[in-house]
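To keep things clear, I will list the structure first and then write my remarks on it.
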Amino acid sequence: MRIEKISENKIRIFVSFDDLEERDIDLSSFNYNSPETQELFWDLMEQAELELGFETNESQLCIEAVTDVDQGFIITITKIDDDSDFESIQKFIKNRYKKNDIKFKKKTGGAGSTVMIYNVESFEDLCNLCARLKPVYSGESSAYLCEGSYYLVLKRMDDNEYRIESILSEYGDRVLNVTFFEGYLNEYGKLMVGNDAVGCLGDLA
């Protein structure tokens with residue numbers, strides 16, 4: 001593991017596949033809420049404080065993890081000390097989460113996820129999106145508000161997956177590192193609709 005200090009409020013951590021294996025963390029089950037991942041995260045934060053003087057204290061943290069084909073995970077952690085930082089953090093996240101999938105270098109026995117998360121800018125767009133999805137999507141769905149943006153979480157894709165993704169791409173941007181970001185939403189986001197968000201919000205359009 002390697003840690004770089006980008007600024008007084010931001011660090012970048014490089015976690016290799018070997019690092020995960022040493023801690024018996026399977027990439028296919030890599031989840032922000034798992035005990036192993038939580039332990040790894042706080043070990044990294046302690047290391048960052050000792051080596052770089054990066055103290056979090058009571059600051060809220062914005063955590064962004066992306067996969068790298070050669071290196072494993074690259075985790076960017078930003079301290080948010082002021083409410084005015086939220087807008088810039090939101091833009092940063094949206095710019096980083098692109099629609100192109102990243103294939104893992106190592107086989108992990110099912111690294112793919114059946115969960116899809118899309119970021120939508122406005123509540124009106126979210127409702128219109130759900131109205132479009134309602135006739136073609138029958139899986140589980142939930143909706144979150146996080147840092148001024150709306151997130152639609154879909155589970156259990158079916159035979160209409162291509163059509164569903166086509167509709168989703170018209171209204172928002174896909175979040176790629178799903179397992180990590182789903183944990184982030186559970187921790188820092190506000191759950192708007194926990195069950196059948198597509199049906200509930202689609203009726204409001």
(request) Pop the C-beta distance of T114 and K10 into the FRET formula with R0 = 45 Å and round what comes out to the nearest 0.05. (result) 0.90
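Between W42 and I80, what length comes free when the chain is fully extended (0.36 nm per residue of separation minus the Cα-Cα distance, one decimal in nm)?
On the way: separation 38, 0.36 × 38 = 13.68 nm, distance 1.76 nm.
Full-extension gain reported as 11.9 nm.
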(request) Round to the nearest 10 and report in Å² the accessible area of K190, as given by a 1.4 Å probe over the protein chains' heavy atoms. (result) 130
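Whenever you get a sec, line up L204, L152, L52 from highest to lowest accessible area (probe 1.4 Å, protein heavy atoms). If you can, show how the numbers build up before the last one.
Details: L204 110, L152 0, L52 50 Å².
Largest accessible area first, the residues go L204, L52, L152.
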(message) Set the bar at 29 Å for Cα to Cα. Now go through K10/K190; K79/K134; K155/K190 and name every pair that lies beyond it.
(response) K79/K134
(request) Report the accessible area of E39, computed with a 1.4 Å probe over the heavy atoms of all protein chains in place, in Å² rounded to the nearest 10. (result) 110
(request) Keeping all protein chains in position, work out how much accessible area S138 exposes to a 1.4 Å probe, and write it in Å² to the nearest 10. (result) 90
(request) List the residues whose amide H sits under 5 Å from the amide H of Q60, counting only those 5 or more places along or on another chain, with H placed 1.01 Å from N in the peptide plane. (result) I80
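The values are calculated or read from the model by the stated rules, or taken from the named source; none is laboratory data. A quick note: this is a predicted structure, and the numbers were derived from the prediction, not measured. When we count neighbours, we look across all protein chains shown, and the Cβ atoms used for this are built from the backbone with ideal geometry, even at glycine. Note: accessible area is taken over every heavy atom of the protein model, side chains too, but ligands, DNA and RNA are not part of it. Shrake-Rupley method; radii C 1.70, N 1.55, O 1.52, S 1.80 Å.
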